[in-house]
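The values are calculated or read from the model by the stated rules, or taken from the named source; none is laboratory data. Bear in mind that the values here come from a model prediction, so they are computed numbers and not experimental data. Here Cβ is always computed from backbone atoms with ideal geometry, including for glycine, and neighbour counts include all displayed protein chains. Side chains included, ligands, DNA and RNA excluded: accessible areas come from the protein's heavy atoms. Shrake-Rupley method; radii C 1.70, N 1.55, O 1.52, S 1.80 Å.
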Amino acid sequence: MASRVIDGKRYPVRQNPATLAENVTSQVLVIQHGKHRFRLRKPIEIEVSRKEGMYWHELPYLGILAAEKDEMESLAAFALEFSSCWFNIALEDDSALTRDARQLKKKLLNLVETVERAQ
């Protein structure tokens, strides 16, 4: 299983049943990573591409990008990146954020309707 390093700690990339069950990247209304489920106010389109032997999943609107050799791992990495943006930017006090991060925070808060515990 792939892993990511965040703040010096290694975390496993978990598959996202909400999007991975059918490899859904179109009209996504729920993103799940680990024990958190993000319900979105409007559907998003995750752009998928393959280049240089890697699968790329991207949401340009938020600047979220993930790439892995395996397509499912790339989508799971995308869910991890989304979750990381939420917990490290959207929930952070504005005074601790750069101008660009505050703009991303606003977009995240406008996009995510609720965050709930996954079952």
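Details
- Residue check: Ala96 meets all listed conditions (1) at pLDDT below 95; (2) surrounded by fewer than 18 Cβ atoms within 10 Å (Cβ to Cβ); (3) among the small types (Gly, Ala, Ser) but one, namely (1).
- When residues of the range 43-93 are limited to those that are farther than 26 Å from Lys106 by Cα and touching a Ser or Thr at 6+ places or on another chain (Cβ under 6 Å), the one least open to solvent (accessible area, probe 1.4 Å): Glu68
- Of everything in the range 62-88 that is part of a helix (DSSP H, G or I) and of a type in the set (A, V, I, L, M), the residue that is farthest from Leu40 (Cα to Cα) is Met72.
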